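Only the coordinates and a few stated rules stand behind these numbers; no lab work does. No experiment lies behind these values; they were computed from the predicted model shown. In this analysis, Cβ positions are derived from the backbone assuming ideal geometry, glycine residues included, and neighbour counts consider all displayed protein chains.
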Amino acid sequence: MGLHFGNLAKVRHVITYSLSPFEQKAFPNYFSKGIPNVWRRFSASFFKVAPPMIIMYLTYTWGNSVHQQSKRKNPADYASDE
């Protein structure tokens, strides 16, 4: 009935090694290297990403407020209707 999903192709001259999940450490060096690495990567990219996002957010909110103001009726145009 055909090949199973894991055996769709034969790859020659490739050696793969694996460890049993029971032999691996779940969170090796999580607190000693992981958290400082996250902080380093965050602080390195924050000032590249945040200013354009802030500018785009301010432009979006300004555009929405101008659009809402342009949709409003001017009460002075209807003052003499009564």
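Max-minus-min Cα coordinates of the range 1-47 on each principal axis give 54, 31, 24 Å, with the largest extent listed first. Only helical runs count toward this figure. For the chain, summing -39,500 (n - 2.57) over DSSP H runs of n ≥ 4 and dividing by all residues gives -16500 deg cm²/dmol at 222 nm. Of LYS71, LYS33, the sequence from fewest to most neighbouring Cβ atoms within 10 angstrom is LYS71, LYS33. Suppose the Debye formula is applied to equal point scatterers at every Cα of the range 21-69; what is log10 I(q)/I(0) at q = 0.13, 0.18, 0.20, 0.32 Å⁻¹? Relative scattering, expressed as log10 I(q)/I(0), comes to -0.57, -0.71, -0.76, -1.04.
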